[in-house]
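One structure is given below, encoded as C-alpha cells.
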Amino acid sequence: MTVALEIAVQDPAGARAAIAAGADRLELCQALAMGGLTPSLGLIEAAAEAVGGDRVNVLVRPRGGGFVYSAEEIALVQADIAASVRHGAGGVVIGALTAEGRADLDAVARWRDAAGAATLVFHRAIDATPDILAVLAQLREIGVDRILTSGGAARSIDGLETLTRLARESGEVEIMAGGGIRAEDIPAIVATGVDAVHLSARGRAGAEDPSGPGGGTPGYDVTDPEAVRAAVAAVADAAR
C-alpha cells in the first residue's frame, strides 16, 4: 500500500525543508493561519525551482471567509490558475460552493479548463456540503483529480467513517485526508484506505524580531522538519 504525504508550506525554505524531510509533495499557499490564500507568482516560481514544479500544488483562494464566490471572484481564480500553471505549478487547489452549500460545479468546470493538464484538487470546502459522497460523484464527473477532506469533521481523526466510505467509492479520484492531523493520528487515518495524508507541520520562528503597532504579532509560521519526519515515519509504518 502506497500513501503519499503532502505538507502545506508558505515559502521556498519550507518547501525545501519538507521535501528534504521526506514529504512527497506540497501545497503552497500564503496566510496558513487563516486557512491559506493564493501565493504570489514569485513565490510559485521560487518553490517550483526549489523542489520541482511537479511536487507543487498551488492553493488558489482569492480571500478569506467562506467559499461562495461572485462572478468576478470566479474569473479571478480562473486567471490565477492559468498563471500558476504557467509559472511552474504541477497542480492547483480550489473549492467553491453555492449559497445552498453545494459544490459550485459551473465554477469548478471553468477552473478545470484553466488548469489544463495540471492536477486539479478540490479542497475542504467539500466538508461544508450536506452530502459529501454525492459531491464526490459530481466532482469525479467533471474531472477533479484529488479531493482534500476531513470526512466532514473538524479533524480527520473524527471523520474516519466518512473517509472510509469516500476511499471505497472514489474510483479514479484520489482521496487525501487533511484537517488537524497529528503524527499519532496517521495509523487510523491510513487504515481508512485514503490515498494521501495532508498536514501543515508548522513551527514558529522570529519571536524576538521587532514587531508591534503596524508590524503584526511577534513571530511567524515555518515548516518544522522534525514534524515532517515524524509524519513520514508514521505513514511508512502504517502503510506496511
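The values are calculated or read from the model by the stated rules, or taken from the named source; none is laboratory data. Here the structure is a predicted model, which is why all the values come from computation and not from measurement. Cβ placement follows ideal geometry from the backbone for every residue including glycine, while neighbour counts extend to all protein chains displayed.
Quick notes on this one:
- Any chance residue 4 is in contact with a strand residue (DSSP E or B) (Cβ under 6 Å, 6 or more places away or on another chain), farther than 25 Å from residue 175 by Cβ and either touching a residue at least 60 places away in the same chain (Cβ under 8 Å) or of a type in the set (Lys, Arg) (or both): no
- Across region 184-198, the number of residues qualifying as assigned to a loop (DSSP other than H, G, I, E, B) and surrounded by fewer than 16 Cβ atoms within 10 Å (Cβ to Cβ) comes to 1.
- Condition check for residue 96: hydrophobic (A, V, I, L, M, F, W, C), surrounded by 20 or more Cβ atoms within 10 Å (Cβ to Cβ), more than 13 Å from the chain's Cα centre (by Cα) and within 30 Å of residue 224 (Cβ to Cβ): no
- Residue that is within 18 Å of the chain's Cα centre (by Cα) and surrounded by fewer than 15 Cβ atoms within 10 Å (Cβ to Cβ), where the choices are 154, 115: 154
- Failed item, numbered, when residue 48 is tested on (1) farther than 19 Å from residue 200 by Cβ; (2) in a strand (DSSP E or B): (2)
- From 196, 205, 183, residue being within 18 Å of residue 8 (Cα to Cα) and without any contact (Cβ under 8 Å) to a residue 24 or more places away in the chain: 205
- Within region 199-220, being charged (D, E, K, R), outside any loop (DSSP other than H, G, I, E, B) and either surrounded by fewer than 16 Cβ atoms within 10 Å (Cβ to Cβ) or modelled with pLDDT of 95 or more (or both) holds for one residue alone: 204.
- Selection of region 221-240 for residues being of a type in the set (Asp, Glu) and outside any helix (DSSP H, G or I) yields 221, 224.
- Per this entry, residue 22 is counted among residues that are on the phi > 0 side of the Ramachandran plot and either among the acidic types (Asp, Glu) or touching a residue at least 40 places away in the same chain (Cβ under 8 Å) (or both).
- The single condition from (1) surrounded by fewer than 23 Cβ atoms within 10 Å (Cβ to Cβ); (2) within 24 Å of residue 205 (Cβ to Cβ); (3) acidic (Asp, Glu) that residue 6 fails is (1).
- Just one of the listed residues (163, 148, 139) is under 23 Å from residue 32 (Cα atoms) and either crowded, with 18+ Cβ neighbours inside 10 Å or of a type outside the set (S, T, N, Q) (or both), and it is 148.
- Region 21-67, residues that are among the small types (Gly, Ala, Ser) and touching a helix residue (DSSP H, G or I) at 6+ places or on another chain (Cβ under 7 Å): 21, 22, 23, 46, 47, 50, 64
- For region 218-240, a residue qualifies if it is small (Gly, Ala, Ser), closer than 16 Å to residue 186 by Cβ and over 17 Å from the mean Cα position of the chain (by Cα), and the qualifying residues are 227, 230, 233, 234, 236, 238, 239.
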